Amino acid sequence: MNMRATNAGGGMGSLLADFHPDFDFSAPLPLPVEEFEDRLRRIRRQAVEAGHDALIVHAGSVGWFHASNAYLRYICDWMREGVLIIPTDADKAMVLLSFFTQSVLLPPGGEPVLVDEIWQIGPIGREYADRPGDSVIKTAEKCAEVLASLGLAKAQIGRIGDRTSLTFWSALDELMPKSKFVADNAILDRMQKVRSLPEIEMFRAAAQLISIGTQAAYHVAKSGVTDHEMLAAFTYAQMALGGETGDGYQIGINEFGTHCGKPYGHIVRPGDLINLYISNVTYRGYTAQTARMIAIGDITSHQEEVLAACTEGVKRAEKLIRPGALMRDVNNAAFEPMIERGMLTSPEARTMPYNWSPMEDGGARLIPHQYVKDIDWEAQGRKLMHVYPATHGPHNPNLGHSVGMAGGQNSFNISSHNYDRMEEGMVFVLHTQWLEPLSAGCNIGDMYVVTKDGFENLSRHTPLETHRVAAEA
(Lines give C-alpha, C1' and ligand atoms only; values in the text may rest on other atoms or scores of the structure.)
Protein backbone atom coordinates (compact mmCIF):
# COMPACT_ATOMS: atom_id res chain seq x y z
CA MET A 1 0.00 0.00 0.00
CA ASN A 2 1.36 3.41 -0.94
CA MET A 3 1.21 5.00 2.51
CA ARG A 4 4.70 6.09 3.45
CA ALA A 5 6.00 6.67 6.95
CA THR A 6 7.66 10.05 7.39
CA ASN A 7 10.81 10.77 9.37
CA ALA A 8 11.09 13.79 11.62
CA GLY A 9 12.15 16.73 9.50
CA GLY A 10 11.12 15.04 6.25
CA GLY A 11 7.96 14.08 4.40
CA MET A 12 5.24 16.72 4.11
CA GLY A 13 7.22 19.27 6.11
CA SER A 14 10.04 19.17 3.59
CA LEU A 15 7.66 19.28 0.62
CA LEU A 16 6.22 22.60 1.83
CA ALA A 17 9.36 23.95 3.51
CA ASP A 18 9.92 26.73 0.96
CA PHE A 19 6.30 27.32 -0.10
CA HIS A 20 4.92 30.85 -0.15
CA PRO A 21 1.76 31.91 -2.04
CA ASP A 22 2.29 34.69 -4.57
CA PHE A 23 -0.30 37.02 -2.98
CA ASP A 24 -1.23 38.10 0.55
CA PHE A 25 -4.39 36.80 2.21
CA SER A 26 -6.37 39.30 4.28
CA ALA A 27 -8.84 37.57 6.60
CA PRO A 28 -12.19 39.37 6.91
CA LEU A 29 -13.75 39.67 10.36
CA PRO A 30 -17.05 37.91 11.08
CA LEU A 31 -20.15 39.45 9.54
CA PRO A 32 -21.36 42.46 11.54
CA VAL A 33 -24.40 42.11 13.79
CA GLU A 34 -26.18 44.64 11.59
CA GLU A 35 -26.12 42.12 8.74
CA PHE A 36 -28.02 39.60 10.87
CA GLU A 37 -30.45 42.28 12.10
CA ASP A 38 -31.31 43.13 8.50
CA ARG A 39 -31.82 39.46 7.66
CA LEU A 40 -34.13 38.98 10.64
CA ARG A 41 -36.24 41.98 9.58
CA ARG A 42 -36.57 40.58 6.08
CA ILE A 43 -37.36 37.07 7.35
CA ARG A 44 -40.10 38.38 9.63
CA ARG A 45 -41.55 40.48 6.84
CA GLN A 46 -41.78 37.46 4.52
CA ALA A 47 -43.36 35.46 7.35
CA VAL A 48 -46.01 38.17 7.73
CA GLU A 49 -46.71 38.11 3.99
CA ALA A 50 -47.15 34.33 4.17
CA GLY A 51 -49.55 34.62 7.09
CA HIS A 52 -47.26 32.88 9.59
CA ASP A 53 -47.39 33.68 13.30
CA ALA A 54 -43.93 32.17 13.76
CA LEU A 55 -41.18 30.25 11.98
CA ILE A 56 -39.42 27.13 13.19
CA VAL A 57 -36.01 26.43 11.64
CA HIS A 58 -34.48 22.98 12.18
CA ALA A 59 -30.93 21.78 11.47
CA GLY A 60 -29.90 18.26 12.41
CA SER A 61 -26.49 16.61 12.48
CA VAL A 62 -25.02 14.57 9.64
CA GLY A 63 -21.96 13.24 11.40
CA TRP A 64 -18.38 14.48 11.61
CA PHE A 65 -19.72 17.43 13.60
CA HIS A 66 -21.53 19.00 10.65
CA ALA A 67 -24.96 20.61 10.76
CA SER A 68 -27.31 19.24 8.11
CA ASN A 69 -28.07 22.63 6.55
CA ALA A 70 -26.89 26.24 6.60
CA TYR A 71 -30.13 27.90 7.69
CA LEU A 72 -29.21 28.50 11.35
CA ARG A 73 -25.81 29.83 10.45
CA TYR A 74 -27.39 32.21 7.96
CA ILE A 75 -29.96 33.51 10.45
CA CYS A 76 -27.98 33.73 13.70
CA ASP A 77 -24.45 32.37 13.02
CA TRP A 78 -25.08 29.11 14.90
CA MET A 79 -22.87 26.48 13.24
CA ARG A 80 -24.23 23.38 15.00
CA GLU A 81 -27.55 21.51 15.30
CA GLY A 82 -30.57 23.28 16.71
CA VAL A 83 -34.18 24.42 16.44
CA LEU A 84 -34.72 28.17 16.19
CA ILE A 85 -38.14 29.61 17.06
CA ILE A 86 -38.74 33.00 15.41
CA PRO A 87 -41.99 34.74 16.43
CA THR A 88 -43.25 36.99 13.67
CA ASP A 89 -43.86 39.78 16.20
CA ALA A 90 -40.60 41.72 16.52
CA ASP A 91 -41.12 42.34 20.24
CA LYS A 92 -41.01 38.62 21.04
CA ALA A 93 -37.72 36.87 21.70
CA MET A 94 -36.03 34.29 19.49
CA VAL A 95 -35.43 31.00 21.27
CA LEU A 96 -32.85 28.36 20.32
CA LEU A 97 -33.13 24.70 21.32
CA SER A 98 -29.85 22.82 20.88
CA PHE A 99 -27.37 20.25 22.19
CA PHE A 100 -29.67 17.34 21.37
CA THR A 101 -27.24 15.08 19.48
CA GLN A 102 -24.02 13.34 20.39
CA SER A 103 -22.16 15.44 17.79
CA VAL A 104 -22.57 18.84 19.43
CA LEU A 105 -19.72 21.34 19.66
CA LEU A 106 -19.12 24.12 22.14
CA PRO A 107 -18.63 27.76 21.11
CA PRO A 108 -16.64 29.56 20.03
CA GLY A 109 -16.88 29.82 17.15
CA GLY A 110 -20.45 30.58 16.65
CA GLU A 111 -22.08 32.30 19.63
CA PRO A 112 -25.56 32.87 18.21
CA VAL A 113 -26.47 36.40 17.21
CA LEU A 114 -29.76 38.02 18.34
CA VAL A 115 -30.89 34.90 20.25
CA ASP A 116 -32.28 35.62 23.71
CA GLU A 117 -32.59 32.12 25.17
CA ILE A 118 -30.74 28.88 24.51
CA TRP A 119 -32.12 25.64 25.91
CA GLN A 120 -29.95 22.54 26.23
CA ILE A 121 -32.12 19.53 25.43
CA GLY A 122 -29.39 16.95 25.95
CA PRO A 123 -28.70 13.72 24.07
CA ILE A 124 -30.48 10.97 25.96
CA GLY A 125 -31.53 7.32 25.71
CA ARG A 126 -30.86 3.97 27.31
CA GLU A 127 -27.60 3.14 25.54
CA TYR A 128 -26.10 6.64 25.70
CA ALA A 129 -27.21 7.85 29.13
CA ASP A 130 -29.03 4.93 30.76
CA ARG A 131 -32.12 7.12 30.89
CA PRO A 132 -35.51 6.71 29.20
CA GLY A 133 -36.52 9.05 26.45
CA ASP A 134 -35.74 10.22 22.93
CA SER A 135 -33.88 13.46 22.19
CA VAL A 136 -36.00 14.26 19.13
CA ILE A 137 -39.22 13.90 21.12
CA LYS A 138 -37.76 15.94 23.98
CA THR A 139 -36.84 18.69 21.52
CA ALA A 140 -40.36 18.69 20.05
CA GLU A 141 -41.90 18.80 23.53
CA LYS A 142 -39.81 21.84 24.50
CA CYS A 143 -40.59 23.51 21.17
CA ALA A 144 -44.34 23.06 21.75
CA GLU A 145 -43.95 24.41 25.29
CA VAL A 146 -42.14 27.54 24.08
CA LEU A 147 -44.71 28.17 21.35
CA ALA A 148 -47.53 27.82 23.89
CA SER A 149 -45.81 30.31 26.21
CA LEU A 150 -45.73 32.76 23.31
CA GLY A 151 -49.48 32.32 22.80
CA LEU A 152 -48.97 30.27 19.64
CA ALA A 153 -50.57 26.94 20.57
CA LYS A 154 -53.21 27.57 17.88
CA ALA A 155 -51.33 29.30 15.10
CA GLN A 156 -50.06 29.12 11.54
CA ILE A 157 -46.38 28.29 11.73
CA GLY A 158 -43.89 28.13 8.89
CA ARG A 159 -41.29 25.41 9.15
CA ILE A 160 -37.89 25.28 7.52
CA GLY A 161 -35.59 22.25 7.53
CA ASP A 162 -34.45 19.21 5.56
CA ARG A 163 -34.74 15.43 5.54
CA THR A 164 -33.25 15.22 9.05
CA SER A 165 -36.26 17.21 10.28
CA LEU A 166 -38.96 14.66 9.41
CA THR A 167 -39.18 12.88 12.79
CA PHE A 168 -39.15 16.21 14.60
CA TRP A 169 -41.95 17.60 12.40
CA SER A 170 -44.02 14.46 12.95
CA ALA A 171 -43.69 14.72 16.73
CA LEU A 172 -44.62 18.41 16.65
CA ASP A 173 -47.72 17.62 14.58
CA GLU A 174 -48.91 15.26 17.33
CA LEU A 175 -48.10 17.68 20.14
CA MET A 176 -49.80 20.68 18.48
CA PRO A 177 -52.85 19.32 16.62
CA LYS A 178 -54.61 22.71 16.62
CA SER A 179 -51.77 24.50 14.81
CA LYS A 180 -51.30 24.69 11.08
CA PHE A 181 -47.76 23.95 9.89
CA VAL A 182 -46.63 25.12 6.44
CA ALA A 183 -43.33 24.11 4.84
CA ASP A 184 -41.64 27.32 3.75
CA ASN A 185 -37.93 26.84 3.01
CA ALA A 186 -38.37 29.28 0.14
CA ILE A 187 -38.30 32.22 2.56
CA LEU A 188 -34.61 31.66 3.24
CA ASP A 189 -33.73 30.24 -0.18
CA ARG A 190 -35.00 33.37 -1.95
CA MET A 191 -32.97 35.63 0.31
CA GLN A 192 -29.73 33.90 -0.65
CA LYS A 193 -29.97 34.28 -4.41
CA VAL A 194 -28.33 37.72 -4.33
CA ARG A 195 -25.56 38.42 -1.82
CA SER A 196 -24.68 41.51 0.20
CA LEU A 197 -21.29 43.22 0.09
CA PRO A 198 -20.22 41.80 3.50
CA GLU A 199 -21.16 38.31 2.27
CA ILE A 200 -19.13 38.80 -0.91
CA GLU A 201 -16.11 39.55 1.27
CA MET A 202 -16.50 36.08 2.78
CA PHE A 203 -16.82 34.43 -0.64
CA ARG A 204 -13.74 36.34 -1.80
CA ALA A 205 -11.75 35.07 1.20
CA ALA A 206 -12.87 31.47 0.60
CA ALA A 207 -11.82 31.74 -3.05
CA GLN A 208 -8.43 33.11 -2.05
CA LEU A 209 -7.96 30.15 0.30
CA ILE A 210 -8.58 27.86 -2.68
CA SER A 211 -5.93 29.72 -4.68
CA ILE A 212 -3.42 29.38 -1.84
CA GLY A 213 -4.21 25.68 -1.47
CA THR A 214 -3.93 25.18 -5.22
CA GLN A 215 -0.54 26.89 -5.31
CA ALA A 216 0.59 24.59 -2.49
CA ALA A 217 -0.55 21.56 -4.48
CA TYR A 218 1.31 22.88 -7.54
CA HIS A 219 4.38 23.34 -5.35
CA VAL A 220 4.55 19.67 -4.36
CA ALA A 221 3.28 18.16 -7.63
CA LYS A 222 5.98 16.02 -9.22
CA SER A 223 6.74 12.43 -10.10
CA GLY A 224 6.92 10.21 -7.04
CA VAL A 225 4.52 12.25 -4.87
CA THR A 226 1.24 10.58 -3.88
CA ASP A 227 -2.29 11.88 -4.24
CA HIS A 228 -2.51 11.85 -0.42
CA GLU A 229 0.48 14.19 -0.20
CA MET A 230 -0.89 16.60 -2.80
CA LEU A 231 -4.25 16.84 -1.12
CA ALA A 232 -2.58 17.20 2.27
CA ALA A 233 -0.54 20.13 0.95
CA PHE A 234 -3.71 21.79 -0.33
CA THR A 235 -5.48 21.15 2.97
CA TYR A 236 -2.64 22.40 5.15
CA ALA A 237 -2.25 25.64 3.20
CA GLN A 238 -5.92 26.65 3.24
CA MET A 239 -6.76 25.49 6.76
CA ALA A 240 -3.68 27.19 8.24
CA LEU A 241 -5.23 30.51 7.20
CA GLY A 242 -8.77 29.92 8.44
CA GLY A 243 -10.41 27.34 6.19
CA GLU A 244 -13.04 25.53 8.26
CA THR A 245 -12.99 22.04 6.77
CA GLY A 246 -10.70 19.71 4.88
CA ASP A 247 -13.27 17.40 3.34
CA GLY A 248 -14.91 19.41 0.60
CA TYR A 249 -12.83 18.60 -2.43
CA GLN A 250 -11.69 15.86 -4.78
CA ILE A 251 -8.47 14.90 -6.53
CA GLY A 252 -8.33 12.66 -9.58
CA ILE A 253 -5.02 11.35 -10.95
CA ASN A 254 -4.39 8.88 -13.75
CA GLU A 255 -3.21 8.74 -17.33
CA PHE A 256 -6.70 9.53 -18.65
CA GLY A 257 -7.60 12.70 -16.74
CA THR A 258 -10.41 11.23 -14.64
CA HIS A 259 -11.75 13.73 -12.10
CA CYS A 260 -14.08 13.62 -9.07
CA GLY A 261 -11.83 11.15 -7.26
CA LYS A 262 -10.56 10.72 -3.72
CA PRO A 263 -6.94 9.88 -2.82
CA TYR A 264 -6.14 6.20 -2.56
CA GLY A 265 -2.35 6.02 -2.79
CA HIS A 266 -1.71 6.79 -6.47
CA ILE A 267 1.92 7.72 -7.16
CA VAL A 268 2.33 10.54 -9.69
CA ARG A 269 4.10 9.47 -12.89
CA PRO A 270 4.99 11.06 -16.24
CA GLY A 271 1.91 11.26 -18.45
CA ASP A 272 -0.51 11.70 -15.55
CA LEU A 273 -3.33 14.22 -15.74
CA ILE A 274 -4.33 15.59 -12.35
CA ASN A 275 -7.58 17.32 -11.49
CA LEU A 276 -8.09 19.42 -8.36
CA TYR A 277 -11.87 19.67 -8.12
CA ILE A 278 -12.36 22.04 -5.20
CA SER A 279 -16.08 21.71 -4.57
CA ASN A 280 -16.03 23.40 -1.18
CA VAL A 281 -13.55 25.41 0.82
CA THR A 282 -15.34 27.20 3.63
CA TYR A 283 -14.52 30.49 5.38
CA ARG A 284 -16.84 31.55 8.22
CA GLY A 285 -19.63 29.46 6.69
CA TYR A 286 -19.24 30.77 3.13
CA THR A 287 -17.88 28.51 0.41
CA ALA A 288 -15.89 28.78 -2.79
CA GLN A 289 -15.45 26.37 -5.69
CA THR A 290 -12.96 26.05 -8.54
CA ALA A 291 -11.33 23.35 -10.65
CA ARG A 292 -7.81 23.13 -12.07
CA MET A 293 -5.79 20.66 -14.18
CA ILE A 294 -2.14 19.63 -13.88
CA ALA A 295 -0.19 17.75 -16.58
CA ILE A 296 2.93 15.79 -15.66
CA GLY A 297 5.22 15.77 -18.68
CA ASP A 298 3.85 14.95 -22.13
CA ILE A 299 0.22 13.99 -22.67
CA THR A 300 -1.61 12.88 -25.82
CA SER A 301 -2.67 15.27 -28.58
CA HIS A 302 -6.31 14.35 -27.99
CA GLN A 303 -5.96 15.17 -24.31
CA GLU A 304 -4.47 18.54 -25.26
CA GLU A 305 -7.46 19.16 -27.53
CA VAL A 306 -9.91 18.43 -24.71
CA LEU A 307 -8.00 20.72 -22.33
CA ALA A 308 -8.04 23.51 -24.93
CA ALA A 309 -11.78 23.15 -25.60
CA CYS A 310 -12.68 23.32 -21.92
CA THR A 311 -10.36 26.27 -21.22
CA GLU A 312 -11.72 28.23 -24.16
CA GLY A 313 -15.28 27.44 -23.09
CA VAL A 314 -14.92 29.08 -19.68
CA LYS A 315 -13.29 32.13 -21.25
CA ARG A 316 -16.08 32.56 -23.82
CA ALA A 317 -18.74 32.29 -21.12
CA GLU A 318 -16.92 34.72 -18.84
CA LYS A 319 -17.08 37.47 -21.46
CA LEU A 320 -20.90 37.53 -21.22
CA ILE A 321 -21.18 37.93 -17.42
CA ARG A 322 -22.93 41.17 -16.49
CA PRO A 323 -26.23 42.30 -14.94
CA GLY A 324 -29.05 41.45 -17.31
CA ALA A 325 -27.20 38.67 -19.14
CA LEU A 326 -29.33 35.63 -19.88
CA MET A 327 -28.01 32.61 -17.99
CA ARG A 328 -28.84 30.44 -20.99
CA ASP A 329 -26.55 32.54 -23.18
CA VAL A 330 -23.65 32.27 -20.74
CA ASN A 331 -24.13 28.49 -20.56
CA ASN A 332 -24.36 27.98 -24.32
CA ALA A 333 -21.24 30.06 -25.04
CA ALA A 334 -19.12 27.64 -23.03
CA PHE A 335 -20.14 24.65 -25.14
CA GLU A 336 -19.37 26.34 -28.48
CA PRO A 337 -15.73 25.14 -28.55
CA MET A 338 -16.89 21.56 -28.00
CA ILE A 339 -19.45 21.84 -30.79
CA GLU A 340 -16.86 23.36 -33.13
CA ARG A 341 -14.54 20.41 -32.47
CA GLY A 342 -17.28 17.83 -33.03
CA MET A 343 -17.39 16.77 -29.37
CA LEU A 344 -21.05 17.80 -29.01
CA THR A 345 -23.85 18.66 -31.39
CA SER A 346 -25.88 20.93 -29.10
CA PRO A 347 -25.62 22.85 -25.79
CA GLU A 348 -29.17 21.84 -24.80
CA ALA A 349 -29.17 19.99 -21.47
CA ARG A 350 -32.10 17.81 -22.52
CA THR A 351 -30.17 16.30 -25.44
CA MET A 352 -26.61 16.34 -24.10
CA PRO A 353 -24.74 13.17 -23.14
CA TYR A 354 -23.17 13.39 -19.69
CA ASN A 355 -21.11 11.08 -17.50
CA TRP A 356 -23.82 10.06 -15.04
CA SER A 357 -26.78 9.98 -17.42
CA PRO A 358 -29.28 7.09 -17.41
CA MET A 359 -30.30 5.36 -20.63
CA GLU A 360 -32.29 7.35 -23.20
CA ASP A 361 -35.54 5.85 -21.91
CA GLY A 362 -34.68 6.98 -18.37
CA GLY A 363 -33.78 3.48 -17.19
CA ALA A 364 -30.67 2.43 -15.32
CA ARG A 365 -27.36 2.21 -17.19
CA LEU A 366 -25.02 -0.76 -16.64
CA ILE A 367 -21.46 0.21 -15.70
CA PRO A 368 -19.11 -1.56 -18.16
CA HIS A 369 -17.39 -4.56 -16.58
CA GLN A 370 -13.77 -4.53 -17.71
CA TYR A 371 -10.36 -4.90 -16.10
CA VAL A 372 -8.53 -1.55 -15.95
CA LYS A 373 -4.85 -1.65 -15.02
CA ASP A 374 -4.01 0.42 -11.93
CA ILE A 375 -0.74 -0.69 -10.35
CA ASP A 376 -1.14 1.46 -7.22
CA TRP A 377 -4.57 -0.01 -6.46
CA GLU A 378 -3.31 -3.51 -7.20
CA ALA A 379 -0.37 -2.95 -4.82
CA GLN A 380 -3.02 -2.75 -2.11
CA GLY A 381 -4.47 -6.13 -3.04
CA ARG A 382 -7.41 -4.86 -5.09
CA LYS A 383 -8.30 -4.60 -8.80
CA LEU A 384 -10.29 -2.05 -10.79
CA MET A 385 -12.85 -4.13 -12.65
CA HIS A 386 -15.24 -1.49 -14.04
CA VAL A 387 -14.88 1.47 -16.40
CA TYR A 388 -15.78 4.85 -14.94
CA PRO A 389 -17.56 6.90 -16.07
CA ALA A 390 -19.99 4.74 -18.02
CA THR A 391 -20.48 7.30 -20.79
CA HIS A 392 -18.56 10.12 -22.47
CA GLY A 393 -19.43 13.79 -22.26
CA PRO A 394 -19.45 16.58 -19.67
CA HIS A 395 -19.68 15.67 -16.00
CA ASN A 396 -22.92 17.70 -15.82
CA PRO A 397 -25.27 18.72 -18.67
CA ASN A 398 -24.73 22.37 -17.72
CA LEU A 399 -21.98 24.90 -17.12
CA GLY A 400 -22.25 25.85 -13.47
CA HIS A 401 -24.34 26.82 -10.48
CA SER A 402 -24.69 29.22 -7.59
CA VAL A 403 -22.22 29.03 -4.71
CA GLY A 404 -23.49 29.63 -1.20
CA MET A 405 -23.02 28.58 2.38
CA ALA A 406 -21.65 25.23 3.52
CA GLY A 407 -24.50 22.72 3.62
CA GLY A 408 -26.77 24.86 1.45
CA GLN A 409 -28.42 23.89 -1.81
CA ASN A 410 -27.81 25.51 -5.20
CA SER A 411 -30.34 28.26 -5.72
CA PHE A 412 -29.83 28.21 -9.49
CA ASN A 413 -27.94 26.43 -12.25
CA ILE A 414 -26.25 28.00 -15.27
CA SER A 415 -27.96 25.85 -17.88
CA SER A 416 -29.55 25.94 -21.32
CA HIS A 417 -33.05 25.89 -19.79
CA ASN A 418 -32.44 28.77 -17.35
CA TYR A 419 -33.94 31.92 -18.83
CA ASP A 420 -33.31 34.04 -15.72
CA ARG A 421 -31.10 37.10 -15.99
CA MET A 422 -28.02 37.72 -13.92
CA GLU A 423 -28.19 40.27 -11.12
CA GLU A 424 -25.56 42.24 -9.27
CA GLY A 425 -24.52 40.25 -6.19
CA MET A 426 -25.02 36.76 -7.66
CA VAL A 427 -22.15 34.38 -6.87
CA PHE A 428 -21.53 31.26 -8.96
CA VAL A 429 -18.98 28.89 -10.47
CA LEU A 430 -18.52 28.20 -14.19
CA HIS A 431 -16.77 24.88 -14.83
CA THR A 432 -16.41 23.14 -18.16
CA GLN A 433 -15.98 19.38 -17.88
CA TRP A 434 -15.39 16.55 -20.32
CA LEU A 435 -14.56 12.88 -19.85
CA GLU A 436 -14.02 10.06 -22.30
CA PRO A 437 -13.52 6.73 -20.52
CA LEU A 438 -9.89 5.55 -20.66
CA SER A 439 -8.97 8.34 -23.06
CA ALA A 440 -9.16 12.01 -22.04
CA GLY A 441 -10.60 14.29 -19.40
CA CYS A 442 -10.71 17.87 -18.17
CA ASN A 443 -12.47 19.80 -15.43
CA ILE A 444 -11.66 23.48 -15.02
CA GLY A 445 -13.59 26.42 -13.69
CA ASP A 446 -13.58 29.81 -11.99
CA MET A 447 -15.83 31.48 -9.43
CA TYR A 448 -17.47 34.83 -10.10
CA VAL A 449 -19.57 37.56 -8.55
CA VAL A 450 -21.70 39.80 -10.77
CA THR A 451 -20.78 43.46 -10.24
CA LYS A 452 -22.53 46.68 -11.25
CA ASP A 453 -20.71 46.86 -14.58
CA GLY A 454 -19.60 43.27 -15.19
CA PHE A 455 -17.98 40.70 -12.94
CA GLU A 456 -15.12 39.92 -10.58
CA ASN A 457 -13.24 36.64 -11.00
CA LEU A 458 -12.82 35.58 -7.37
CA SER A 459 -10.40 32.76 -8.26
CA ARG A 460 -8.12 34.82 -10.48
CA HIS A 461 -4.98 34.20 -8.37
CA THR A 462 -4.30 30.92 -10.19
CA PRO A 463 -4.53 30.89 -14.00
CA LEU A 464 -7.28 28.81 -15.61
CA GLU A 465 -4.83 27.17 -18.00
CA THR A 466 -3.42 23.71 -17.26
CA HIS A 467 -0.44 23.80 -14.89
CA ARG A 468 2.56 22.05 -16.44
CA VAL A 469 5.15 20.00 -14.55
CA ALA A 470 8.20 18.60 -16.28
CA ALA A 471 8.30 14.82 -16.17
CA GLU A 472 11.77 14.75 -14.62
CA ALA A 473 10.87 17.20 -11.84
Note on the stretch 216-253: residues open to solvent by 20 Å² or more (accessible area, probe 1.4 Å) and more than 20 Å from the chain's Cα centre (by Cα) are 218, 219, 222, 223, 224, 228, 229
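Residue under question is residue 295, and the condition is that it be in contact (Cβ under 8 Å) with a residue 40 or more places away in the chain, farther than 22 Å from residue 77 by Cα and open to solvent by less than 10 Å² (accessible area, probe 1.4 Å); does it hold? Lay out the reasoning, then the answer.
Details: in contact (Cβ under 8 Å) with a residue 40 or more places away in the chain: yes; farther than 22 Å from residue 77 by Cα: yes; open to solvent by less than 10 Å² (accessible area, probe 1.4 Å): yes.
Considered against the rule, which asks whether it is in contact (Cβ under 8 Å) with a residue 40 or more places away in the chain, farther than 22 Å from residue 77 by Cα and open to solvent by less than 10 Å² (accessible area, probe 1.4 Å), residue 295 comes out as yes.
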For the stretch 325-345, which residues satisfy the criterion of being of a type in the set (Gly, Ala, Ser) and open to solvent by less than 30 Å² (accessible area, probe 1.4 Å)?
325, 333, 334
Considering only residues that are closer than 23 Å to residue 199 by Cα and surrounded by fewer than 23 Cβ atoms within 10 Å (Cβ to Cβ), look in the stretch 60-69 and name the one that is modelled with the highest pLDDT.
68
Considering 308, 317, 295, 364, which residue is closer than 22 Å to residue 427 by Cβ and among the aliphatic types (A, V, I, L, M)?
317
Going by the structure shown, is residue 27 outside any strand (DSSP E or B), of a type in the set (A, V, I, L, M) and exposed (fewer than 13 other Cβ atoms within 10 Å of the Cβ)?
yes
Positions within the stretch 165-209 being in a strand (DSSP E or B) and open to solvent by less than 60 Å² (accessible area, probe 1.4 Å), in sequence order:
181, 182
With respect to residue 36, is the statement that it is among the aromatic types (Phe, Trp, Tyr) and more than 17 Å from residue 77 (Cβ to Cβ) true?
no
Let me spell it out: the conditions are (1) in contact with a Phe, Trp or Tyr (Cβ under 7 Å, 6 or more places away or on another chain); (2) surrounded by fewer than 22 Cβ atoms within 10 Å (Cβ to Cβ); (3) farther than 30 Å from residue 247 by Cβ, and residue 120 meets all of them except one. Which number is the exception?
(3)
I'd like to verify a number: residues in the stretch 354-390 that are surrounded by fewer than 12 Cβ atoms within 10 Å (Cβ to Cβ), among the small types (Gly, Ala, Ser) and more than 28 Å from the chain's Cα centre (by Cα), how many?
2
Would you list the helices (runs of 4 or more DSSP H) that sit entirely within the stretch 56-161 and hold 3 or more residues that are more than 21 Å from residue 35 (Cβ to Cβ) and among the small types (Gly, Ala, Ser)?
135-149
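The values are calculated or read from the model by the stated rules, or taken from the named source; none is laboratory data. Everything quoted here is computed from the prediction, not taken from an experiment. In this analysis, Cβ positions are derived from the backbone assuming ideal geometry, glycine residues included, and neighbour counts consider all displayed protein chains. Accessible surface is based on the protein model in full, side chains and every heavy atom, while ligands, DNA and RNA are left aside. Shrake-Rupley method; radii C 1.70, N 1.55, O 1.52, S 1.80 Å.
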